[in-house]
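Peer 1: Starting off with a structure, shown below.
The values are calculated or read from the model by the stated rules, or taken from the named source; none is laboratory data. These figures come from a predicted structure and were not determined experimentally. As a convention, Cβ positions derive from the backbone with ideal geometry for all residues, glycine included, and neighbour counts pool all protein chains shown. Note: areas computed on protein heavy atoms with side chains; ligands, DNA, RNA excluded. Shrake-Rupley method; radii C 1.70, N 1.55, O 1.52, S 1.80 Å.
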Amino acid sequence: MDVVVVTGSAGLVGGEAVRAFAARFDLVVGIDNGMRQDFFGPAGSVAANLAQVERIPNYRHHLVDVRDHAALTALLGEYGTDVRLVVHTAGQPSDEWATGQPLVDLGVNAVGTMNLLEAVRRVCPGAVVVLTSTTKVYGDAPDTLPLVETDTRWEIDPVHPYHEHGIDESLRTEGGRRTFFGVSKLAADHAAQSYAGLLGLRIGVFRCASVTGARHAGVEQDGFLSHLVRSAVRGAPFPVIGHGGKQVRDVLDARDLVEMFWHFYRDPRPGEVYLAGGGRERSASVLELIARYEYLTGREVPFEYVPERRFADVRCWITDTRKFRRDYPGWRPVHGLADILSSVHDHWVAVGLNGFPVGS
Ligand SMILES: NC(=O)c1ccc[n+]([C@@H]2O[C@H](COP(=O)([O-])OP(=O)(O)OC[C@H]3O[C@@H](n4cnc5c(N)ncnc54)[C@H](O)[C@@H]3O)[C@@H](O)[C@H]2O)c1
(Lines give C-alpha, C1' and ligand atoms only; values in the text may rest on other atoms or scores of the structure.)
Protein backbone atom coordinates (compact mmCIF):
# COMPACT_ATOMS: atom_id res chain seq x y z
CA MET A 1 0.00 0.00 0.00
CA ASP A 2 1.27 3.51 -0.86
CA VAL A 3 0.65 5.97 1.94
CA VAL A 4 1.19 9.73 2.03
CA VAL A 5 1.25 11.46 5.42
CA VAL A 6 0.26 15.13 5.47
CA THR A 7 0.74 17.17 8.65
CA GLY A 8 -1.35 20.34 8.89
CA SER A 9 -3.84 18.58 6.62
CA ALA A 10 -6.70 20.95 7.53
CA GLY A 11 -4.66 24.06 6.70
CA LEU A 12 -4.14 25.79 3.37
CA VAL A 13 -1.14 23.90 1.96
CA GLY A 14 -1.90 20.65 3.76
CA GLY A 15 -5.50 20.66 2.53
CA GLU A 16 -4.40 21.15 -1.08
CA ALA A 17 -1.81 18.39 -0.65
CA VAL A 18 -4.57 16.04 0.54
CA ARG A 19 -6.78 16.93 -2.44
CA ALA A 20 -3.97 16.50 -4.97
CA PHE A 21 -2.49 13.32 -3.53
CA ALA A 22 -5.68 11.40 -2.69
CA ALA A 23 -5.83 10.32 -6.34
CA ARG A 24 -2.12 9.41 -6.46
CA PHE A 25 -1.76 7.30 -3.30
CA ASP A 26 -3.84 4.49 -1.82
CA LEU A 27 -4.24 6.26 1.51
CA VAL A 28 -3.81 9.81 2.81
CA VAL A 29 -3.07 10.02 6.52
CA GLY A 30 -3.77 13.52 7.81
CA ILE A 31 -2.46 15.03 11.03
CA ASP A 32 -3.90 18.29 12.36
CA ASN A 33 -4.99 19.36 15.83
CA GLY A 34 -6.81 22.50 14.63
CA MET A 35 -4.31 24.73 16.42
CA ARG A 36 -4.72 27.56 13.89
CA GLN A 37 -7.85 28.52 15.80
CA ASP A 38 -5.85 28.67 19.06
CA PHE A 39 -3.43 31.07 17.36
CA PHE A 40 -5.92 33.38 15.66
CA GLY A 41 -9.35 32.80 17.22
CA PRO A 42 -12.50 31.67 15.39
CA ALA A 43 -11.51 33.50 12.17
CA GLY A 44 -8.51 31.20 11.94
CA SER A 45 -10.57 28.06 12.23
CA VAL A 46 -9.75 25.30 9.74
CA ALA A 47 -12.87 23.29 10.61
CA ALA A 48 -14.53 23.88 7.21
CA ASN A 49 -11.43 22.73 5.34
CA LEU A 50 -11.17 19.68 7.59
CA ALA A 51 -14.82 18.80 6.97
CA GLN A 52 -14.10 18.90 3.21
CA VAL A 53 -10.98 16.73 3.26
CA GLU A 54 -12.69 14.27 5.59
CA ARG A 55 -15.22 13.59 2.84
CA ILE A 56 -12.42 12.18 0.63
CA PRO A 57 -12.89 8.39 0.81
CA ASN A 58 -9.22 7.41 1.23
CA TYR A 59 -8.47 10.15 3.77
CA ARG A 60 -7.97 9.25 7.43
CA HIS A 61 -7.69 12.06 9.99
CA HIS A 62 -5.66 12.02 13.22
CA LEU A 63 -6.00 14.72 15.79
CA VAL A 64 -2.36 14.63 16.85
CA ASP A 65 -0.16 17.49 18.05
CA VAL A 66 3.21 17.48 16.29
CA ARG A 67 4.79 18.45 19.60
CA ASP A 68 3.85 14.96 20.88
CA HIS A 69 6.79 12.85 19.75
CA ALA A 70 5.45 9.56 21.14
CA ALA A 71 2.06 9.98 19.47
CA LEU A 72 3.66 10.87 16.12
CA THR A 73 6.01 7.89 16.23
CA ALA A 74 3.17 5.53 17.17
CA LEU A 75 1.00 6.90 14.36
CA LEU A 76 3.68 6.58 11.69
CA GLY A 77 4.46 3.15 13.12
CA GLU A 78 0.93 2.00 12.17
CA TYR A 79 1.84 2.48 8.50
CA GLY A 80 5.59 1.76 8.73
CA THR A 81 7.43 1.41 5.43
CA ASP A 82 4.17 1.83 3.48
CA VAL A 83 4.73 5.55 4.01
CA ARG A 84 6.17 6.81 0.72
CA LEU A 85 5.83 10.56 1.19
CA VAL A 86 5.55 12.87 4.19
CA VAL A 87 4.40 16.45 3.56
CA HIS A 88 5.09 18.57 6.63
CA THR A 89 2.98 21.72 6.71
CA ALA A 90 1.76 21.82 10.33
CA GLY A 91 3.05 24.96 11.92
CA GLN A 92 2.57 28.31 13.56
CA PRO A 93 2.70 30.65 10.54
CA SER A 94 2.76 34.20 11.93
CA ASP A 95 5.68 36.52 12.76
CA GLU A 96 3.46 38.60 15.02
CA TRP A 97 2.00 35.68 16.92
CA ALA A 98 5.47 34.26 17.53
CA THR A 99 6.55 37.54 19.12
CA GLY A 100 3.98 37.06 21.88
CA GLN A 101 4.63 33.36 22.42
CA PRO A 102 8.14 32.50 21.20
CA LEU A 103 8.36 29.29 23.23
CA VAL A 104 5.14 27.88 21.84
CA ASP A 105 6.21 28.93 18.34
CA LEU A 106 9.56 27.18 18.78
CA GLY A 107 7.81 24.08 20.13
CA VAL A 108 5.43 23.80 17.20
CA ASN A 109 7.77 24.83 14.39
CA ALA A 110 11.19 23.58 15.46
CA VAL A 111 10.55 20.80 17.97
CA GLY A 112 7.48 19.62 16.03
CA THR A 113 9.62 19.27 12.91
CA MET A 114 12.37 17.42 14.80
CA ASN A 115 9.72 15.09 16.27
CA LEU A 116 8.44 14.27 12.82
CA LEU A 117 11.87 13.79 11.25
CA GLU A 118 12.97 11.60 14.13
CA ALA A 119 9.82 9.49 13.73
CA VAL A 120 10.51 9.16 10.00
CA ARG A 121 14.09 8.13 10.74
CA ARG A 122 12.91 5.38 13.12
CA VAL A 123 9.85 4.15 11.25
CA CYS A 124 10.02 4.88 7.52
CA PRO A 125 13.53 6.12 6.65
CA GLY A 126 13.02 5.49 2.95
CA ALA A 127 10.09 7.92 2.70
CA VAL A 128 10.51 11.19 0.84
CA VAL A 129 9.86 14.20 3.08
CA VAL A 130 9.00 17.73 2.00
CA LEU A 131 9.31 20.56 4.48
CA THR A 132 7.52 23.91 4.16
CA SER A 133 10.10 26.44 5.27
CA THR A 134 9.83 30.16 4.60
CA THR A 135 11.65 33.10 3.05
CA LYS A 136 11.50 34.61 6.56
CA VAL A 137 14.61 32.54 7.34
CA TYR A 138 16.48 35.33 5.51
CA GLY A 139 15.26 37.88 8.06
CA ASP A 140 15.54 41.40 6.70
CA ALA A 141 18.47 40.58 4.38
CA PRO A 142 16.33 41.45 1.31
CA ASP A 143 16.13 45.01 2.67
CA THR A 144 19.89 45.37 2.26
CA LEU A 145 19.55 44.98 -1.52
CA PRO A 146 19.55 48.20 -3.54
CA LEU A 147 15.88 49.18 -3.92
CA VAL A 148 14.04 51.89 -5.77
CA GLU A 149 10.69 53.42 -4.85
CA THR A 150 8.01 54.05 -7.47
CA ASP A 151 4.54 55.55 -7.04
CA THR A 152 3.04 52.19 -6.15
CA ARG A 153 5.85 49.85 -5.06
CA TRP A 154 9.32 49.16 -3.81
CA GLU A 155 11.39 47.40 -6.43
CA ILE A 156 14.82 45.77 -6.64
CA ASP A 157 17.09 48.22 -8.47
CA PRO A 158 17.14 47.35 -12.19
CA VAL A 159 20.96 47.32 -12.11
CA HIS A 160 20.99 44.47 -9.56
CA PRO A 161 21.18 40.87 -10.86
CA TYR A 162 18.14 39.92 -8.70
CA HIS A 163 15.95 42.44 -10.51
CA GLU A 164 15.08 40.37 -13.57
CA HIS A 165 14.38 36.96 -12.03
CA GLY A 166 14.04 37.70 -8.33
CA ILE A 167 15.98 36.60 -5.25
CA ASP A 168 17.63 33.19 -5.33
CA GLU A 169 18.80 30.70 -2.71
CA SER A 170 22.23 32.34 -2.40
CA LEU A 171 20.93 35.12 -0.14
CA ARG A 172 22.58 34.93 3.30
CA THR A 173 20.62 33.53 6.26
CA GLU A 174 23.04 34.73 8.96
CA GLY A 175 23.04 38.14 10.59
CA GLY A 176 20.41 40.81 10.12
CA ARG A 177 17.12 41.13 11.97
CA ARG A 178 14.80 38.16 12.19
CA THR A 179 11.51 37.49 13.96
CA PHE A 180 11.08 34.57 16.38
CA PHE A 181 9.06 32.90 13.62
CA GLY A 182 12.08 33.26 11.32
CA VAL A 183 14.23 31.71 14.05
CA SER A 184 11.99 28.68 14.65
CA LYS A 185 11.60 28.05 10.93
CA LEU A 186 15.34 28.44 10.33
CA ALA A 187 16.00 25.89 13.08
CA ALA A 188 13.59 23.44 11.43
CA ASP A 189 15.03 24.17 7.98
CA HIS A 190 18.61 23.50 9.13
CA ALA A 191 17.57 20.43 11.14
CA ALA A 192 15.97 18.99 8.00
CA GLN A 193 19.15 19.61 6.02
CA SER A 194 21.11 17.77 8.72
CA TYR A 195 18.69 14.83 8.68
CA ALA A 196 19.36 14.64 4.95
CA GLY A 197 23.13 15.24 5.05
CA LEU A 198 24.00 13.35 8.22
CA LEU A 199 21.41 10.58 8.25
CA GLY A 200 20.53 10.22 4.60
CA LEU A 201 16.82 11.03 4.84
CA ARG A 202 15.31 11.98 1.51
CA ILE A 203 14.22 15.48 2.46
CA GLY A 204 13.54 18.55 0.33
CA VAL A 205 13.28 21.98 1.93
CA PHE A 206 10.90 24.48 0.30
CA ARG A 207 11.36 28.07 1.42
CA CYS A 208 7.97 29.49 0.61
CA ALA A 209 7.19 33.11 -0.19
CA SER A 210 3.51 34.19 -0.01
CA VAL A 211 1.39 31.12 -0.59
CA THR A 212 -2.35 31.47 -0.70
CA GLY A 213 -5.53 30.04 -2.13
CA ALA A 214 -9.26 29.82 -1.77
CA ARG A 215 -9.09 27.80 1.42
CA HIS A 216 -6.70 30.07 3.29
CA ALA A 217 -8.28 31.16 6.57
CA GLY A 218 -6.67 34.61 6.21
CA VAL A 219 -6.46 36.80 9.30
CA GLU A 220 -4.64 40.05 10.07
CA GLN A 221 -1.58 38.20 11.40
CA ASP A 222 -1.30 35.66 8.56
CA GLY A 223 -2.42 35.34 4.96
CA PHE A 224 -2.61 38.96 3.77
CA LEU A 225 -4.19 38.29 0.36
CA SER A 226 -6.93 36.10 1.79
CA HIS A 227 -7.48 38.59 4.58
CA LEU A 228 -7.66 41.48 2.11
CA VAL A 229 -10.35 39.76 0.03
CA ARG A 230 -12.19 38.51 3.11
CA SER A 231 -12.28 42.06 4.49
CA ALA A 232 -13.48 43.48 1.15
CA VAL A 233 -16.27 40.91 0.83
CA ARG A 234 -17.61 41.72 4.26
CA GLY A 235 -17.04 45.48 3.86
CA ALA A 236 -14.63 45.65 6.79
CA PRO A 237 -11.60 47.97 6.73
CA PHE A 238 -8.37 46.26 5.66
CA PRO A 239 -5.30 47.50 7.54
CA VAL A 240 -2.38 48.39 5.24
CA ILE A 241 0.46 48.00 7.70
CA GLY A 242 3.72 49.90 7.15
CA HIS A 243 5.63 51.09 4.05
CA GLY A 244 2.54 52.99 2.84
CA GLY A 245 1.36 49.74 1.23
CA LYS A 246 4.28 49.73 -1.23
CA GLN A 247 5.80 46.48 0.07
CA VAL A 248 5.96 43.86 -2.67
CA ARG A 249 5.31 40.13 -2.40
CA ASP A 250 5.03 37.42 -5.03
CA VAL A 251 2.10 35.11 -4.60
CA LEU A 252 1.97 31.38 -5.31
CA ASP A 253 -1.23 29.36 -5.34
CA ALA A 254 -1.01 26.48 -2.85
CA ARG A 255 -1.99 24.08 -5.65
CA ASP A 256 1.12 25.06 -7.61
CA LEU A 257 3.27 24.56 -4.50
CA VAL A 258 1.86 21.07 -4.03
CA GLU A 259 2.84 20.22 -7.61
CA MET A 260 6.42 21.19 -6.73
CA PHE A 261 6.24 18.59 -3.95
CA TRP A 262 5.00 15.98 -6.43
CA HIS A 263 7.91 16.62 -8.80
CA PHE A 264 10.36 16.36 -5.90
CA TYR A 265 8.75 13.12 -4.72
CA ARG A 266 9.11 11.51 -8.13
CA ASP A 267 12.82 12.34 -8.38
CA PRO A 268 14.07 13.40 -4.94
CA ARG A 269 17.29 15.33 -4.45
CA PRO A 270 17.91 14.87 -0.71
CA GLY A 271 19.02 17.92 1.22
CA GLU A 272 18.23 20.41 -1.54
CA VAL A 273 16.77 23.76 -0.58
CA TYR A 274 14.40 25.42 -3.02
CA LEU A 275 12.71 28.78 -3.03
CA ALA A 276 9.01 28.57 -3.85
CA GLY A 277 7.09 31.64 -4.94
CA GLY A 278 5.08 33.15 -7.74
CA GLY A 279 7.94 35.12 -9.29
CA ARG A 280 7.88 38.51 -10.94
CA GLU A 281 4.70 37.75 -12.95
CA ARG A 282 2.75 37.23 -9.74
CA SER A 283 4.31 40.04 -7.76
CA ALA A 284 2.38 43.05 -6.49
CA SER A 285 2.57 45.63 -3.75
CA VAL A 286 -0.32 45.77 -1.31
CA LEU A 287 -1.55 48.94 -3.08
CA GLU A 288 -1.30 47.26 -6.48
CA LEU A 289 -3.11 44.19 -5.21
CA ILE A 290 -5.95 46.31 -3.88
CA ALA A 291 -6.22 48.09 -7.26
CA ARG A 292 -6.10 44.77 -9.12
CA TYR A 293 -8.83 43.30 -6.91
CA GLU A 294 -11.04 46.37 -7.27
CA TYR A 295 -10.64 46.24 -11.06
CA LEU A 296 -11.42 42.52 -11.20
CA THR A 297 -14.48 42.57 -8.98
CA GLY A 298 -15.75 46.14 -9.16
CA ARG A 299 -15.81 46.03 -5.40
CA GLU A 300 -14.12 48.70 -3.32
CA VAL A 301 -11.56 47.73 -0.67
CA PRO A 302 -12.05 50.03 2.32
CA PHE A 303 -8.49 50.16 3.59
CA GLU A 304 -6.76 52.20 6.27
CA TYR A 305 -3.06 52.96 6.63
CA VAL A 306 -1.29 51.85 9.77
CA PRO A 307 2.02 53.75 9.82
CA GLU A 308 3.92 51.46 12.23
CA ARG A 309 5.98 48.88 10.40
CA ARG A 310 6.13 45.26 11.35
CA PHE A 311 9.55 44.17 12.61
CA ALA A 312 11.83 43.00 9.77
CA ASP A 313 8.98 43.43 7.27
CA VAL A 314 10.96 43.66 4.06
CA ARG A 315 10.07 46.14 1.33
CA CYS A 316 10.42 43.79 -1.61
CA TRP A 317 10.47 40.05 -2.04
CA ILE A 318 10.27 38.43 -5.48
CA THR A 319 11.26 34.77 -5.81
CA ASP A 320 13.63 33.30 -8.38
CA THR A 321 12.43 29.71 -8.87
CA ARG A 322 14.95 28.89 -11.60
CA LYS A 323 16.87 26.44 -9.40
CA PHE A 324 13.76 24.31 -8.98
CA ARG A 325 12.81 24.67 -12.63
CA ARG A 326 16.32 23.61 -13.70
CA ASP A 327 16.06 20.45 -11.56
CA TYR A 328 12.39 19.84 -12.45
CA PRO A 329 11.72 21.30 -15.90
CA GLY A 330 8.20 19.84 -15.89
CA TRP A 331 6.99 22.29 -13.24
CA ARG A 332 5.63 25.74 -13.80
CA PRO A 333 2.97 27.59 -11.83
CA VAL A 334 -0.33 27.56 -13.68
CA HIS A 335 -2.39 29.92 -11.53
CA GLY A 336 -1.89 33.62 -12.29
CA LEU A 337 -2.56 36.53 -9.97
CA ALA A 338 -6.00 37.30 -11.42
CA ASP A 339 -6.96 33.64 -11.17
CA ILE A 340 -5.79 33.52 -7.54
CA LEU A 341 -7.68 36.70 -6.61
CA SER A 342 -10.83 35.44 -8.33
CA SER A 343 -10.76 32.05 -6.64
CA VAL A 344 -10.19 33.60 -3.20
CA HIS A 345 -12.98 36.10 -3.89
CA ASP A 346 -15.41 33.39 -5.06
CA HIS A 347 -14.64 31.39 -1.95
CA TRP A 348 -15.42 34.19 0.49
CA VAL A 349 -18.54 35.18 -1.43
CA ALA A 350 -19.73 31.56 -1.31
CA VAL A 351 -19.01 31.36 2.41
CA GLY A 352 -21.32 34.35 2.81
CA LEU A 353 -21.56 36.81 5.64
CA ASN A 354 -22.91 34.19 8.01
CA GLY A 355 -19.66 32.28 7.61
CA PHE A 356 -17.59 35.06 9.14
CA PRO A 357 -17.02 34.22 12.75
CA VAL A 358 -17.00 36.96 15.33
CA GLY A 359 -13.62 38.74 15.23
CA SER A 360 -12.88 37.82 11.61
N1 LIG B 1 1.00 30.33 3.46
C2 LIG B 1 2.14 30.99 3.35
O3 LIG B 1 2.19 32.10 2.80
C4 LIG B 1 3.42 30.39 3.84
C5 LIG B 1 4.62 31.06 3.58
C6 LIG B 1 5.81 30.54 4.07
C7 LIG B 1 5.81 29.37 4.79
N8 LIG B 1 4.64 28.74 5.04
C9 LIG B 1 4.68 27.52 5.86
O10 LIG B 1 3.91 26.52 5.24
C11 LIG B 1 3.25 25.74 6.24
C12 LIG B 1 1.78 25.67 5.90
O13 LIG B 1 1.27 26.98 5.83
P14 LIG B 1 -0.28 27.22 5.67
O15 LIG B 1 -0.43 28.56 5.08
O16 LIG B 1 -0.91 26.04 5.07
O17 LIG B 1 -0.69 27.33 7.20
P18 LIG B 1 -2.10 26.95 7.88
O19 LIG B 1 -2.11 27.66 9.19
O20 LIG B 1 -3.21 27.18 6.93
O21 LIG B 1 -1.96 25.38 8.11
C22 LIG B 1 -1.20 24.83 9.15
C23 LIG B 1 -2.02 23.77 9.83
O24 LIG B 1 -1.23 23.19 10.88
C25 LIG B 1 -2.09 22.93 11.97
N26 LIG B 1 -1.28 22.91 13.19
C27 LIG B 1 -0.73 23.98 13.83
N28 LIG B 1 -0.06 23.58 14.91
C29 LIG B 1 -0.18 22.23 14.97
C30 LIG B 1 0.29 21.25 15.87
N31 LIG B 1 1.01 21.59 16.95
N32 LIG B 1 0.01 19.96 15.63
C33 LIG B 1 -0.75 19.60 14.54
N34 LIG B 1 -1.24 20.50 13.66
C35 LIG B 1 -0.96 21.80 13.88
C36 LIG B 1 -3.10 24.08 11.96
O37 LIG B 1 -4.29 23.75 12.65
C38 LIG B 1 -3.30 24.31 10.48
O39 LIG B 1 -4.43 23.59 9.99
C40 LIG B 1 3.55 26.38 7.58
O41 LIG B 1 4.58 25.65 8.20
C42 LIG B 1 4.05 27.76 7.21
O43 LIG B 1 4.99 28.28 8.12
C44 LIG B 1 3.45 29.22 4.58
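Peer 1: From the phi of every residue in the range 263-277, what ³J(HN,Hα) in whole Hz does the Karplus formula 6.51 cos²θ - 1.76 cosθ + 1.60 yield, where θ is phi - 60° and glycine or proline is x?
Peer 2: For the range 263-277, the Karplus-derived couplings read 4, 4, 4, 6, 8, x, 10, x, x, 6, 10, 10, 7, 10, x Hz, x marking Gly and Pro.
Peer 1: Rounded to the nearest whole Å², what accessible area per residue is found for the range 97-192 with the 1.4 Å probe?
Peer 2: 41 Å²
Peer 1: Could you check how much of the accessible area of the range 3-355 is carbon and sulfur, as a whole percent, using a 1.4 Å probe?
Peer 2: Reported share for carbon and sulfur atoms: 51 percent.
Peer 1: How far apart, in nm, are the 7 Å Cα→Cβ label points at K323 and D151?
Peer 2: For the pair K323/D151, the computed spacing is 3.7 nm.
Peer 1: Let me ask something additional. Find the relative contact order for the chain and round it to a whole percent, using C-alpha pairs within less than 8 Å whose residues are 6+ positions apart.
Peer 2: 19 percent
Peer 1: When the helices in the chain are scored as -39500 (n - 2.57) per DSSP H run of 4 or longer and the sum is shared across all residues, what 222 nm value do you end up with, to the nearest 500 deg cm²/dmol?
Peer 2: Helices in the chain give a 222 nm mean residue ellipticity of -11000 deg cm²/dmol.
Peer 1: Further question on the same structure: Work from the charge dipole of the range 3-355 (Cβ charges, +1 for Lys and Arg, -1 for Asp and Glu, about the Cα centre) and give the residue of V286, V120, Q52 farthest towards its positive end.
Peer 2: Highest projection toward the positive end goes to V120.
Peer 1: Applying a 10 Å radius around every beta-carbon, put 104-116, 56-68 in order of their mean neighbour count, most first.
Peer 2: With the highest mean Cβ count within 10 Å placed first, the list reads 104-116, 56-68.
Peer 1: If you fit an axis through the alpha-carbon atoms of helix 286-297 and take the longest principal axis of the Cα set of the chain, what angle between them do you get, 0 to 90°, nearest 10?
Peer 2: It is inclined by approximately 90 degrees.
Peer 1: Using the Karplus curve 6.51 cos²θ - 1.76 cosθ + 1.60 with θ = phi - 60°, work out ³J(HN,Hα) for each residue of the range 221-235 in order, rounded to whole Hz, and write x for Gly and Pro.
Peer 2: With coefficients 6.51, -1.76 and 1.60, one gets 7, 7, x, 5, 5, 4, 5, 4, 5, 4, 5, 4, 5, 8, x Hz.
Peer 1: Positive end of the charge dipole of the range 3-355 (Lys, Arg +1 and Asp, Glu -1 on Cβ, about the Cα centre): tell me which of H163, G175, T212 has its Cα farthest that way.
Peer 2: Of the listed residues, the answer is T212.
Peer 1: Charges only on Cβ, +1 for Lys and Arg, -1 for Asp and Glu: so what's the dipole of the range 3-355 about the Cα centre, in debye to the nearest 20?
Peer 2: Dipole of the range 3-355, to the nearest 20 debye: 640 debye.
Peer 1: Just name one of A110, H345, T7: the one whose Cα is farthest towards the positive end of the charge dipole of the range 3-355 (beta-carbon charges, Lys/Arg +1, Asp/Glu -1).
Peer 2: Checked the options; the winner is T7.
Peer 1: Then there is this: If you average the sequence gap of Cα pairs under 8 Å that are 6 or more apart and divide by the length of the range 225-321, what percent do you get for the contact order?
Peer 2: Contact order relative to length: 50 percent.
Peer 1: Using amide H atoms built in the peptide plane, which far-off residues or other-chain residues are under 5 Å from V86 H to H?
Peer 2: V5, V128, V129, V130
Peer 1: Sequence-distant or interchain residues sharing an amide H contact under 5 Å with F238, placed H: which?
Peer 2: Amide H neighbours of F238, under 5 Å, 5+ apart: F303, E304.
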